[in-house]
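The values are calculated or read from the model by the stated rules, or taken from the named source; none is laboratory data. Note that the structure is predicted; figures quoted are calculated from it, not measured. Every residue, glycine among them, receives a Cβ derived from its backbone with ideal geometry; neighbour counts consider all protein chains shown. Accessible surface is based on the protein model in full, side chains and every heavy atom, while ligands, DNA and RNA are left aside. Shrake-Rupley method; radii C 1.70, N 1.55, O 1.52, S 1.80 Å.
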Amino acid sequence: MNIDSYMRQLGQQARAASRELLLVDSGQKNQALLAIAAELKAQQEQILQANETDLQLGRESGLEDALLDRLAITGTGIGQMVEGLQQVAALPDPCGEISDMSYRPSGIQVGKMRVPLGVVGIIYESRPNVTIDAASLCLKSGNATILRGGKEAFHSNQAIAKCITAGLASAGLPENAVQVIETTDRAAVSAMITMPEFVDVIVPRGGRGLIERISNEAKVNVIKHLDGICHVYLDDKADLDKAKAIAVNAKTHRYGVCNAMETLLIHEDLSGEFLTDLAKAYWHKGVQLRACEASYSKLHEINEADGDLLVQASPEDWDTEYLAPVLAVKVVCDMAEAIAHIARHSSGHTESIVSEDYSRIRSFLAQVDSASVMANASTRFADGFEYGLGAEIGISTDKIHARGPVGLQGLTSQKWIVFGDGHIRN
């Protein structure tokens, strides 16, 4: 297979399909989504067999347990894919939405119309469910898409792709509206990210290495985030029960996700009995604390950490996304110091304050410059589904266009529209 020729063919087909999609109404798009859901249910056994092939190959190649867990599809997982398609079908279609219409002194009427981005390329690893999430969101938002999953999920993705193609065809939509790349050759990625004539935006989902490579090499716009160095600040005006529940959940609900807390900032007035109680809760769950000098001194006194669950923090710890049961802890003198620490070390993903002082909350929300800023809530809520987007195609920490969880609106842009009645400019 000549990869460059193959990818150019996919690009040309996607560009043609994107133009056809401009003429497709919401009802037809929803019909396609529901048809894909029906195909997934009908082809469940074939999908599970393909997934078992991937799992077996993964075991033989020494794939880590965490990656095997992400790769695995169950009957429940297929049910969740079906539910996701149904939810996206039920969401309002952003395409064609007109807003901000106003008359100008000249008599013309000016406003904005929401339109698809065009062709979206998505590069992702491990999780085959991303194939359905990405396809559904791109289709509903009127975009053609080219999907390149990880080689470890090749057979699973191809089985799901057959369901997508069949669903599109049954609804009378162009089958090339969603194309799953049929090669594991990495050259396909290099080709896709350097075809601006065919691809309008790239969304990489995966580890830092993948995203850095794509960001550095792409000639196409990239919607990305590199790290999820998320912070929770426990204020001295916090409700302590809320503070403990949020701090434990933000770290331990799931470790290997980008919206997990990686640094806990705690007001010095809470660094006594409350901190020790919180530390015990972390140690009970096997979380290692990398503590600043003040917190290490306090926690070392109680000496209840097993093994190496308490160590002194190094400067690098404040800039590390652990994706593991490891948490950096820092005592701060006030909210201003917490905000300054976040400004220096945050990746711009998600930060949260726990406080009962409304004026401090408002100040924190205004000053912290991240894609999601929360009050009295776990950072684990920074998710497209939890935000009511139905699903997400990824998280963006960029400041232009989409920011935070990227759903249907994030896969569209706006163009100016003007109405006149024979108006000419004098």
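Taking θ as phi - 60°, what are the ³J(HN,Hα) couplings along region 246-262 by the Karplus curve (6.51, -1.76, 1.60), each to the nearest whole Hz, with x for Gly and Pro?
Taking θ as phi minus 60°, the curve returns 5, 5, 6, 5, 4, 8, 9, 4, 8, 8, x, 10, 6, 9, 6, 5, 10 Hz for region 246-262.
Given the C-alpha centroids of region 375-426 and region 194-264, what is the distance between them in whole angstrom?
Rounded to whole Å, the Cα centres lie 18 Å apart.
List every residue whose amide H lies under 5 Å from the amide H of Gln288, counting only residues 5 or more places away in sequence or on a different chain, with H placed 1.01 Å from N in the peptide plane.
Hits under the 5 Å cutoff: Val326, Leu327.
How long is the gain from Ala42 to Thr276 if the chain were fully straight, where each residue apart is worth 0.36 nm and the alpha carbon distance is subtracted?
Taking 0.36 nm per residue and subtracting the Cα distance, the gain is 78.9 nm.
What's the ranking of 374-380, 127-133, 89-95 by average number of surrounding C-beta atoms within 10 Å, highest first?
127-133, 374-380, 89-95
Which one, Ser61, Val88, Leu71, projects farthest toward the positive side of the charge dipole computed for region 39-148 from Cβ point charges (K/R +1, D/E -1)?
Val88
Taking a quarter of the surface of the convex hull around the Cα atoms of region 264-329, what do you get in nm²?
The directionally averaged projection comes out at 4.1 nm².
At 1.4 Å probe size, with no ligands or nucleic acids counted, give the accessible surface of Asp241 in Å², nearest ten.
Solvent-accessible area, nearest 10 Å²: 130 Å².
For Ala72, what residues show an amide H to amide H distance below 5 Å, using hydrogens built from the backbone and excluding near sequence neighbours?
none
Per DSSP H run of n ≥ 4, the term is -39500 (n - 2.57); total these for the chain, divide by its residue number, and report the mean residue ellipticity at 222 nm rounded to 500 deg cm²/dmol.
Helix-only estimate at 222 nm: -13000 deg cm²/dmol.
What lysines does Lys244 reach when the alpha-carbon gap must be under 19 Å and sequence neighbours fewer than 8 apart in one chain are set aside?
Lys280, Lys285, Lys298, Lys330
If R0 is 22 Å, what FRET efficiency do you get for Ala90 and Glu175 from their C-beta distance, rounded to 0.05?
0.35
Heads up, I need the accessible area for Lys219: 1.4 angstrom probe, whole protein in place, Å², nearest 10.
140
At a Cα cut-off below 16 Å, give the aspartates and glutamates reachable from Lys140, other chains included and same-chain residues fewer than 8 away excluded.
Qualifying aspartates and glutamates at Cα under 16 Å: Glu20, Asp25, Glu83, Asp93, Glu97, Glu175, Glu392.
In what sequence, highest mean first, do 311-323, 279-291 appear when ranked by Cβ atoms within 10 angstrom?
By packing density, highest mean first, the sequence is 279-291, 311-323.
With θ set to phi - 60°, apply the Karplus curve 6.51 cos²θ - 1.76 cosθ + 1.60 along region 136-152 and write out the HN-Hα couplings as whole Hz, x wherever there is a Gly or Pro.
5, 5, 5, 5, 5, 8, x, 9, 7, 9, 10, 10, 10, x, x, 5, 5
Suppose every Lys and Arg Cβ carries +1 and every Asp and Glu Cβ carries -1, with no other charges. What dipole size does region 69-194 come out with about its Cα centre, to the nearest 20 debye?
Computed about the Cα centre, the dipole is about 240 debye.
If amide hydrogens are placed 1.01 Å from N in the peptide plane, which non-local residues have theirs closer than 5 Å to the one on Gly404?
Ser396, Thr397, Asp398
Write out the trypsin sites (Lys or Arg not before Pro) in region 113-195 meeting two conditions: DSSP loop, and at most 13 other Cβ atoms within 10 Å of their Cβ.
Those satisfying the criteria are Arg186.
With Cα extents along the principal axes in Å as the read-out, I listed (1) 67, 50, 35; (2) 65, 62, 44; (3) 72, 69, 36; which label goes with the value calculated from this structure?
(3)
What lysines sit close enough to Lys41 to cross-link, taking a C-alpha to C-alpha distance under 17 Å and skipping anything fewer than 8 places away on the same chain?
Counting by Cα, and skipping residues close in sequence, Lys41 has these lysines nearby: Lys162.
When the Karplus curve 6.51 cos²θ - 1.76 cosθ + 1.60 is applied with θ = phi - 60°, which whole-Hz ³J(HN,Hα) does each residue of region 33-47 get, with x for Gly and Pro?
Per residue, the Karplus-derived 3J(HN,Hα) values read 4, 5, 5, 5, 4, 5, 5, 4, 5, 5, 9, 4, 5, 5, 5 Hz.
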